[in-house]
Structure formats: structure tokens, C-alpha cells
Amino acid sequence: MYRIQYGKHDHLPIDINDENVDEPLMETRDPDSNEQLDRDETEAIDKSNIIRGDGLRHAKPQTQNQYSEGPDEDDLPV
């Protein structure tokens, strides 16, 4: 079904869609509950991407000046 909307411009047909939309979250009692958020977070975490142990927390800097932040203004070409 189309509805014509009148205004300053030409007539614009607007498609009216009154069909029901399947809302899977609405099937649960409270989709915004803490339990649902906990389930979503658990599903979203990719456990294969987690570094075991200390990881890189004790890594030592590999440069002469400890952590390199790039050249100073005086070191840039003119």
C-alpha cells in the first residue's frame, strides 16, 4: 500500500509496511536483564584469542632511549 504525502515538493510515495517483525529477544521475559547481558558477553568472548600467563606485561623495551616516541621537533627535516 502506498500513501501520498503532500508538501512543498513533488508527491512522494511512501511504502507503508505494517507486517509484524520477528523479535527473538522479546521471547525472553526481560531482554535487558543482567542475565541476558552476561550471556551475551560470554558468547562474545573468543577464548582462543586470550594470552595465557603473564603475556607481555614484563617485556623490556627494545630501543636505546627506552620507549621511542619518535623524533623531536629539532630532529625533523626542514
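For Thr63, the conditions (1) at pLDDT below 65; (2) loosely packed, with under 10 Cβ neighbours inside 10 Å are fulfilled apart from (1). Condition test on Gly53, is it at pLDDT 65 or above, of a type in the set (Gly, Ala, Ser), exposed (fewer than 10 other Cβ atoms within 10 Å of the Cβ) and over 26 Å from the mean Cα position of the chain (by Cα)? So Gly53 fits the description; yes.
Among the residues of region 23-39, the one identified as loosely packed, with under 10 Cβ neighbours inside 10 Å and modelled with pLDDT of 80 or more is Asn34.
The values are calculated or read from the model by the stated rules, or taken from the named source; none is laboratory data. Just so you know, these numbers come straight off a predicted model, no measurement behind them. Every residue, glycine as well, gets a Cβ built from its backbone with ideal geometry; the counts of neighbours run over all protein chains shown.
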